[in-house]
Each structure stands twice: as C-alpha cells, then as structure tokens.
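The values are calculated or read from the model by the stated rules, or taken from the named source; none is laboratory data. Note that the structure is predicted; figures quoted are calculated from it, not measured. In this analysis, Cβ positions are derived from the backbone assuming ideal geometry, glycine residues included, and neighbour counts consider all displayed protein chains. In case anyone asks, the SASA skips ligands and DNA or RNA and just uses the protein heavy atoms, side chains included. Shrake-Rupley method; radii C 1.70, N 1.55, O 1.52, S 1.80 Å.
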Amino acid sequence: MGNRKLYPFDIIEKKWHKVWEKRQSFRAWNPGEQIPEWHPFGKRHKLSGKIVDQKDLPPKFYVLDMFPYPSGAGLHVGHPEGYTATDIIARYKRARGFHVLHPMGWDAFGLPAEQYAIKTGQHPKITTEKNIANFRRQIKALGFSYDWSREIDTTDPKYYKWTQWIFLQLYNSWFNPETNKAEPISTLKYPPELKTEQERRAYRDSKRLAYVAEMPVWWCEELGTVLANEEVIDGKSEVGGYPVVRKPMRQWMLRITAYAERLLQDLDTIEWSESLKEMQRNWIGRSEGAEVIFEVVDDGSLNLSPEERKITVFTTRPDTLFGATYMVLAPEHKLVDKILPRSWPAGTPELWKGIDPASRSTPAQAVKAYKAFAASKSDLERTELAREKTGVFTGSFAINPVNGEKIPIWIADYVLATYGTGAIMAVPAHDTRDLEFARKFNLPIRVVVQPPKEGIDPVGFVDDGISVNSGLITGLPTPQAKQKIVEWLEQQGKGRKTVNYKLRDWLFSRQRYWGEPFPIIWKNGNHEPLPESELPLIPPPLDDYKPTPNGEPPLARAKDWVNLPDGSTRETNTMPQWAGSCWYYLRYLDAKNDRRFCSPEAEQYWMDGEKYQGKGKVCPGVDLYVGGTEHAVLHLLYARFWHKVLYDLGYVSTPEPFYKLVNQGLILGETEYTVFTFPDGSYCSASELRDIGEEATPHGPMMVGYHKKTGEKLYGKKVSEDEVEKSADGFVLKTDKSIKVDARSFKMSKSRGNVINPDNILEEYGADAFRLYEMFMGPLEMVKPWSTRGVEGVYRFLGRVWRLFIDEKSQVEFEQSLTANPEKAERLLKNLKLSDSIKEVEPNAEQLKALHSCIKKVTEDLEGMRFNTAISALMVFVNQATTWEVKPVSVMRDFLILLQPFAPHIAEELWEKLLVQAGMKPVLEGVDLCYQPWLEYNPQMLVEEVLEIPVQVNGRLRDVVRIPAEATQQEIEQVALASQKVKPFVEGKQIKKIIVVPKKLINIVVG
RNA sequence: GCCGGUGUGAUGGAAUGGCAGACAUACAGGACUUAAAAUCCUGGGGCUGUAAAAAGCCGUGCGGGUUCGAGUCCCGCCACCGGCACCA
C-alpha cells in the first residue's frame, strides 16, 4: 500500500466524531425527559423542546451488543464484527423512524486485573480504568452510534449497588411450586411441626433463591477460587486451563433449578438460532422417566430403618424393569455405608470383591478402598481415557419391585451422585454402560426389548421396540409399556412418574477480591441481609490481594472491614463475574438512576414491545442482541434466570430479556499453509498423514500429524502463500507438486502470532473501510478467515465513492496544501470541490433504475441482516454511476442515505458537500443525515421494456432472447421457437409442452 | 456416541425450485506514466473444439430420487467445524 490515501478518511472521521459528540446525535430519550430544540431526533419527530410522554415517542428499538471485558490486550477484530452489525441496524432503524436505544459499557470485573494486582499490589481498579479507557478509544474510533450518556461499568459502585440489590431480592425470595414463580419470602408457609424460631429460620433459609450450602465444589488451586460447573471444562478451569478438584465447601448457591422448566419452555417464545436453543436445552437436560423404589434385603443384621431400606432409582426406561439384573449406587450415595454386611454372602465371586485384592476380606473394606480410589481420580481422569468401568459389590441385595427378584447392589463411579437419585437399576441388555459393566464383572444380561426389525442383536439394543419377558407389559411397544408400568408402580406405591434435569444450582460465590461483595453479614452462625440503605457495599483496599494462607478469600485480610462492632462479621466471598452481566441491559434503560436499578417508566417503554408499539409485530425485551457463541449457555442462561426472577417479583414486564439473538461467527486468522517434514528435513505429503492438528509446545502451537503407515509423528512448517499452488484436490508445493500442503485458518491467538490489531487497520484504511470489510466478509453468523487484502478491496470501493463526488483537481490541491499545513487539516476539507459532473438535473431512466434497484436490495438485505450482499448492491450502484457523465444531485443524495449506515463518516462528509456546494434539498429539511428518512423503492422504476429471457430445451439453456415486456405467452413461444440456436434441438422432435415462467424463463420440452 | 451447522472457481462468497459463480480478492493482458504506485479498461470454472471463433460436453462433497427444470426439495452416505458427553 502506498502512503497516499485514497481519500482523507483520517481527517473526516475525526471531524464527524466531534460533530456527533457535540450534537449528542445518538442520544436516546427516556419518557419524561426534555428534548433540546437543536437535537436531530426532536427535529425528525417534531418533538423539539418537548418534555416527552411515552405516547408521544415513536416506537422503540433496542439493539444491544454483548459488552466487552476490557482486557489489557485491547480490542480484537472479533469485537467490531458484532458491533458493526448492530450499528448498521441501529442507524437503519433510526432512519426508519424508530427511537433507537444503542448503548455500550464494560463488563469489567475479572481475573486478569486481579492477578495483576496480586503481582504488583496495585488496586485492580487502576488496571481496569486504564483498559476501559483504551477500549473506549478504540470503539469510539469506529464511529458507532452509541448513546454514550448511558455508558456503564460493572465495577462502578453506582452500578454494583444494584447488582447487590438484585442479590438481596433473590435472597429474600423463594420459589413457590404451586404458583410456579418466585415470591417474597414472607409468603412462605411453615410446616406446623416447626416450633422454634431457629427451626423456622433453618426452613426459611433452605427455601431462599439465594442459599448457603456445604457442598462439593470445584476448587482451582492455581486460581485460588471455586468455580461453577459451567466454568469447568474437561476437568480444567475454563480460564487458564488449570486443574480443578472436588472439595466440600460452604458456598452461596442460586436456585436456578427451580426455573429449569420455564427456562426450557420459554425458548419457544424467542427468536434465537436453533443451534443456540439446542445448546440451552442440552444444558438444562430435561428427561422424563420414573422413580422406582427397590427394597434392600435385610435379614435384621443390617439394622436398617424402614426409610433406609428404600433405594430410589431414576430411570428413563421403566419399561426395562424386568431386565434389571443388578443395581448401582454412586460411591458417594448416603446409604452405601449402611447396607454393608459383615461378610461376603456365600458364593460371591472374587471378581466382584473390588479392585484392591488386599481389601477383599469384607465388603466394608472393599467399599472403603473403592471409595478412596474413586475420590482420588481427578475429574480429568474420570472423563478421559477409555473410561474403563470400575466398581465393587456391596455384599447386599435388593428386591426388584416388578418381579420380586433379588439382585446384587454395586457401587461404581459411572453412576453420578449429583444426577437423578444417585442410584440406578442396571439393565445391561438395553443400556450401553450397564452392558459394558456387566460384561466386565460377569453379571447376567437379560433381553426384555425386542428390536422392531429382524437382524438386530437385541443385546445392546437401546432404542424403542417391543417388550418381551416382561410380565404385564409383554408385547407392548416401548411408549405404551412405559406408561403402563408406571401406572402399575404408582398403584403399588413402588414408584412414580418424574422429570429430571441436568441443570444444577448455580454456585454463586468466589474467593476473589475483584468482584461484588455479598451484602450479607454473619451473626451467631446465621446470615442476615444488609439493609438496602447500606448499599453499595464497597470492598476495602488491600496490600495483598491473594487469598489468605488458610484458604479464606482475600477480603478476610481486611480485619477492620470484616469485623463489625457488634461482633458480627461480613461475608468475605464475592460474586462471580457473571453477576454484573446478568442485568446490564436493564441498567442501560436508566443508567444514572440512583433511587432504583431502573425506573418502571423506562423499563416499560424500552422493554415492553406490546404496549407501546401499538399494532404490528410484538418484540418484547431487547429487540436485537448480537454476540459470540461463547456465551451460549453461561451468560445467556444466567441472565434469563435473573430476568425471570425480576419478572416474578414485578420489576420487569417481559418474561424474557432478549427477543432476537444473533451469534456472530468467529473471525479466524489469515489462511496458513503447512508442509510436513521428516526428521531428516525431507518433505512428506499431507495426504500420507492422519490426525493432522495442533499441539501446544513451549514455543507455541505446532502442527503435527502421524504417518499413516509408520505412525511416526511429524512436525509441520509454515510456508507462505506464494510457495504453494492449487492442485486437483488441495494445495501442493510449487517446487514439488507431489507434496500436498495442509491449508487452514486458526483462531487468532497471541501464541500463534496471527492476531490482527484493529488500530493498525484503522490507521491504514480508516474506520469506514474496517466496518465495511467486516460486514463484507460473509454472512454474520459464519466463521470466516481474515484477509487484509479484502480490506483493501472495500477501501478501494470507498475511494471510488469519493472520486464519484469529489473533483480530482481540487483533491490534488488539497493534498498539497495538507502536506504544507497538516495542522489545518480539518479546515482544508472545505477546499475540496464537488465534481462538475454532479448537476442539478432530472435523472434519466437508467439512473433511476440503478438507484431504485439499489434501494430495494439494500433494504431487503438489511431486514434480513445480510450485510455482505447489501454492500455488494452499493458497489454495483457505484460501478454504474462511475460511467455516468452527468450525475443528478438527487440520485447521489439518495445513495448517501443508503451508504450512511455502513460507512457513516464518508457519507456525512459527502452529504455536507452536497448541501453546501450543490444546494441539495434533503428529504427532511434541517435534519442531519443520520436522521434522514429511509427510502422506499418505486417498482415502476425497475420495469424493463425489453426483457432478456433464457430459452431452455429440456431444461438446458440454448439461447437468450430479447422480448418486449408486454409480450403475450404466445408471442414469447413464437420468438423462442424461431431462435436459430433453439431450432437444431427442436427440429424433427415432438414438442410435448412449453413452460413459460412470466418474465423469467421459457422451457421447451421435446420428446 | 448424541445434537447443531457447513461443503459452490485460485480465495471470501452470490443465487424466492428458473441463465450457477453477483460483488470482491488474487491472477493475466492492455491504457496512462521516464518508471513504479494509484487509477481506468478487458479477460477468465473445466474439458473437447477452432487459426481465431462458433459450437458442444461436463461441472455446486459423494450416490440415488422427485420435477419440464435441483446448488436449492426428498432418501442414503462422506468430510470438516461447533457444542454436549458414564446425565441412567
């Protein structure tokens, strides 16, 4: 790239940023606010100077970005992808007359700032502020039409005051299963047997939506904190990839499980992508089945109470009860230790007695050894490897309620304590895991479901079939068999129909400093809420931000803060990072309110589509939410949960927060080519390798592959694009075409060194080109590789737009005077002259057609969020307009209205030129470009007098004929048949039928 | 293994069941230039064919099907990407 700019984007962009800021162009107005005389929104909607009421305001459109965590690394090119998409929509909707709310803020609590604080002793606030300032600068440089007056920061006490307040709402609520919603804790009814206040308190505390529980949690030594299930991936922390272990700790929990069903059901009411909804459904993991009670066989020596004698299992296949040949408890199951007989029953095979030969003398010893073995396995080990089944016989038996059969009770870690009842009935014939286990320990396998088709082995058949050898359900197809057996169990009091969810309650406390402190104090072992008047509760500064040596959170170091005069102490845990992002979209509605998290008026106006949009489509909540898939389950599930609680308590008016959600696809690094070499340095074709992939090494990620024949591990070497060429299938080395090269794009990462810094792109091509490129790459939702060459392409397009309007001679003079007086840059812009070819003339038919087909395409594509094709329509227009000797002002004006959402800076500058130098009349006089009304296309302008109609014979293209638009079907047929190119294919054959698609195509079918 | 998504030129990608490859990138040729950059113009899926054309055939991951007509719809596969994964 030469250093000469195609147009002075740097000057223009700075200029318009200042203008927009000064005019507060993108400020949105809450009901009750007075709109100043000068504001363009007031002018557009005739509300200037008025104190507006909800009913005066035009329909709202709330378009939201997932706010970023301001990391020290600065903006990633992935951020502006979503932000540009929402900005284009925001600008388009504004032009369409909507009252647009388009805010931005910072999700600023987080680990990196805290870890930096641990290293340096510097308060994390300082790092955070610095990073926010950098992010703000970078985002502002892109010219997004945010209402910056609503900017929020989750680490600002004015913000987290309300995060803490919402926590108190959760704390002071319980979920009433009868009404299926959260209610104030005061409506809780106590069982009559609870007499003392202490008993009632314990009962109350056990029902709260925010409650304390001692439970095994994921403890991450490296991070010095516990993590939520959702933050643990493959036995490692999602952040940093550190090992985690299970550890019982006292923790704050949020009762999200109470909302499992509603979180699932309401997915059907919102417009999210199917894949995203599926992810949430999977996470919630609803499964219908039955609980079945098995009775432990006790000859009296076990001393079991009647309650302890019952083992309840959960199964989704009650129809296979007759095939249950053993049962399994999780090692952590409560009853495990109670059911152990003193000695092995007669005839217990050695194989059943456990993993440790030394401990086989009694069941208690075997079980103890097995429990120790299972507990020692990290979760990584549990999920990894071939998952060889392990387990041990307890020595006890239970009675299968359907046939009275005595079956052995085992413990095994393939049964999870945390799902269902922590116990299962094992049906090896019809469950893959049970089958594996039964085969390993030589347990009986009994077929009770016949596959519907011949030739399928019934052992290991897990789908629906016909019940066999199953007493009263024999002969029934699986669904009916399930129903009938459950009815029978219910009659007998041996079981019932039930639903289970994979979703667990949300572990809500962290042993960190840089998070919201809990507004909770502890008095005599009981917790109490802080009064609302004491919010926000601000954490004290520390000298040392590490956890204390005995594992207490860092806040425990601040003795003066923790210990209160009356002897009570503060909770020292903090909330997880997700807390602040659970409700930020509500704070934007009324960001400065210090009496409430958000006023009811603002909430109702901006969130409730139905009431204030009048007729038409109802879009409750945030109308459009755009962000990455990385938040598919965590943030989006948590936020929906909080929203539903607030809805139940009457604080918000919609059951769902985000009506329409779009996931932007990841932007990968530029395509990389890898050639593999043998240790001696000679090349190996990628086609001879299997399992090509990345491997982390101390020098960063390396490409590795394994030789298909020898299994030898080979390393890859990066080669540049000019060293390779495309062959029949895939790329090969230019120097040796027998050597295939691996070509793929990778996620951008520091260690790989393929990160594109937005600052550099902005510097070289400007914000408009950057915005345009990110949208032009392809459909928003798709994963796509970055290509800096592609940026140059759209940059050239903007250069063509510029030259369409600006006189070349004045451009040259401008550049010269700019070199001489760079400090006068902005004033020199005035010297740029409009091209002489732009004239106040009536547009001709061709020009109108070009304009109106552009309006049509851009409008339709914006409605469908197909930005890439909208931009190509703009390019088509410019390519056509470049050939016009005279360009009518009106046509060029309308083009700028279409261009503005995509490339606002250049559009504003050229609009101003048309106003000042060509005396252009805007569509709405005195209104800024960003509030000019959108254009309607006129179908009349697109009508062709002569159409080019393709002629097919038997579906194959033979000719294209020109036919007057008003031609009749017969005339069209005649012209087509008369075509010299068509004749040879028709002559001598019988014409069976002629299909004429009006204005589109004609197909002659011959026999 | 289960669920979801995607497969189209050298590349990113376009195509309400109706001219496959819009628009752009890369490439090649030309104009302008002392030269280069920038700009403008032209070309282009493959094969056969021809002096050049014309013309024909084949082409949207693979195999079938529906249809006058399929990248698009249906059935069966394959590959890649993402998510979940001992959840009974």
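Taking every DSSP helix (H) stretch of at least 4 residues in chain A, weighting each as -39,500 (n - 2.57) and dividing the sum by the residue count yields a mean residue ellipticity at 222 nm of -9500 deg cm²/dmol. In this structure, the amide hydrogen of A:Tyr673, modeled 1.01 Å from its nitrogen in the peptide plane, lies closer than 5 angstrom to those of A:Val719, counting only residues at least 5 positions away or on a different chain.
When the convex hull of its Cα atoms is viewed from all sides, region A:512-601 shows a mean projected area of 7.3 nm². Of all DSSP bridge pairs formed entirely within chain A, close to 80 percent run antiparallel. Between A:Gln969 and A:Glu630, the C-beta separation translates, for a Förster distance of 45 Å, into a calculated FRET efficiency of about 0.20. On the basis of the beta-carbon distance and an R0 of 35 Å, A:Glu723 and A:Glu885 show a calculated FRET efficiency of 0.15. Report the one residue of A:Leu57, A:Gly42, A:Ile12 whose Cα lies farthest in the direction of the positive end of the charge dipole of region A:1-69 (charges on C-beta: Lys and Arg +1, Asp and Glu -1; origin at the Cα centre). Selected residue: A:Ile12.
My understanding is that a pair violates if its Cα-Cα distance is over 32 Å; which of A:Lys406/A:Lys482; A:Lys207/A:Lys338; A:Lys236/A:Lys717; A:Lys181/A:Lys389; A:Lys440/A:Lys502 do that in this structure? Can you show the working numbers first?
Working: A:Lys406/A:Lys482 22 Å; A:Lys207/A:Lys338 29 Å; A:Lys236/A:Lys717 30 Å; A:Lys181/A:Lys389 42 Å; A:Lys440/A:Lys502 28 Å.
Those over the limit are A:Lys181/A:Lys389.
The ellipsoid that matches the Cα gyration tensor of region A:396-545 has semi-axes, each √(5λ) in whole angstrom, of 51, 19, 16, with the longest given first. In whole percents, the pair-distance distribution calculated for region A:51-161 from its alpha-carbon pairs, binned every 5 Å from zero, is 2, 11, 19, 20, 16, 13, 9, 5, 3, 1, 1. For chain A, the relative contact order comes to 12 percent (Cα pairs under 8 Å, sequence separation of at least 6). Dividing the Cα radius of gyration of region A:1-124 by 2.2 N^0.38 Å, with N the residue count, gives 1.41. Could you list log10 I(q)/I(0) for chain A at q = 0.09 Å⁻¹, which the Debye formula gives when each Cα is one point scatterer? Scattering profile of chain A, log10 relative to I(0): -1.22.
Both the radius of gyration and Dmax for region A:169-269 are 17.2, 50 Å, in that order, over alpha-carbon atoms. Rounded to whole numbers, the Karplus 3J(HN,Hα) couplings from phi for region A:885-890 are 6, 10, 10, x, 3, 4 Hz, using 6.51 cos²θ - 1.76 cosθ + 1.60 with θ = phi - 60°, and x at Gly and Pro.
Taking amide hydrogens as placed 1.01 Å from N in the peptide plane, the amide H of A:Val961 sits under 5 Å from those of A:Ile949, A:Val951, each at least 5 positions away in sequence or on another chain. With viscosity 0.692 mPa s and temperature 37 °C, the Kirkwood radius over alpha carbon pairs of region A:559-601 converts through Stokes-Einstein to a diffusion coefficient of 248 µm²/s. Accessible area per residue was computed with a 1.4 Å probe on protein heavy atoms; A:Val239 scores about 80 Å².
Taking amide H as placed 1.01 Å from N in the peptide plane, A:Leu668 has its amide H under 5 Å from the amide H of A:Lys784, A:Trp786, each at least 5 places away in sequence or on another chain. Net charge dipole, chain A: roughly 420 debye, given to the nearest 20, about the Cα centre with Cβ charges of +1 for Lys and Arg and -1 for Asp and Glu. In order along region A:924-937, the Karplus-derived 3J(HN,Hα) couplings, from 6.51 cos²θ - 1.76 cosθ + 1.60 at θ = phi - 60°, round to 10, 5, x, 10, 4, 3, 5, 10, 5, x, 5, 9, 9, 8 Hz, and Gly and Pro are given as x.
How large is the dipole of region A:501-545 about the Cα centre if only Lys and Arg carry +1 and Asp and Glu carry -1, each at its Cβ, rounded to the nearest 20 debye? Write down the numbers at each step before the final one.
Numbers: 5 positive and 7 negative charges, 74 e Å.
So the dipole magnitude of region A:501-545 works out to roughly 360 debye.
Dimensions of region A:781-882 from C-alpha coordinates, computed as largest minus smallest value along each principal axis and given longest first, are 46, 42, 19 Å. Working note: Karplus 6.51/-1.76/1.60 with θ = phi - 60° gives region A:255-264 the couplings 7, 5, 4, 4, 9, 3, 5, 5, 4, 6 Hz, where Gly and Pro are set to x.
Roughly how big is region A:423-469's charge dipole about its Cα centre, with Cβ charges of +1 (Lys, Arg) and -1 (Asp, Glu), in debye to the nearest 20? Mind showing how you got there, number by number?
On the way: 5 positive and 7 negative charges, 42 e Å.
For region A:423-469, the charge dipole is close to 200 debye.
What is the list of residues in region A:939-968 whose amide nitrogen lies under 13 Å from a point 7 angstrom out from the Cα of A:Ile991, following Cα to Cβ? From region A:939-968, the list is A:952-954. At R0 = 41 Å, how high is the FRET efficiency between A:Lys502 and A:Ser749 if r is their beta carbon distance? Nearest 0.05 is fine. About 0.85, to the nearest 0.05.
Ranking A:Tyr715, A:Tyr160 from most to least accessible surface, computed with a 1.4 Å probe over the protein chains only, gives A:Tyr715, A:Tyr160.
Which GluC sites (Glu not before Pro) in region A:20-127 pass both tests, a DSSP loop state and at most 12 other beta-carbon atoms within 10 Å? Kindly include the intermediate steps, with their values, before the conclusion.
Values: sites: A:Glu21, A:Glu33, A:Glu37, A:Glu81, A:Glu114; in loops: A:Glu33, A:Glu37.
In loop regions of region A:20-127 (DSSP not H, G, I, E or B), the sparsely surrounded GluC sites (Glu not before Pro) are A:Glu37.
Rounded, prolate or oblate, given the Cα gyration tensor of region A:226-327, with a/c below 1.5 counting as rounded? Verdict is oblate for region A:226-327.
Diffusion coefficient (Stokes-Einstein, Kirkwood radius over C-alpha pairs, 20 °C, 1.002 mPa s) for region A:243-287: 168 µm²/s, rounded to a whole number.
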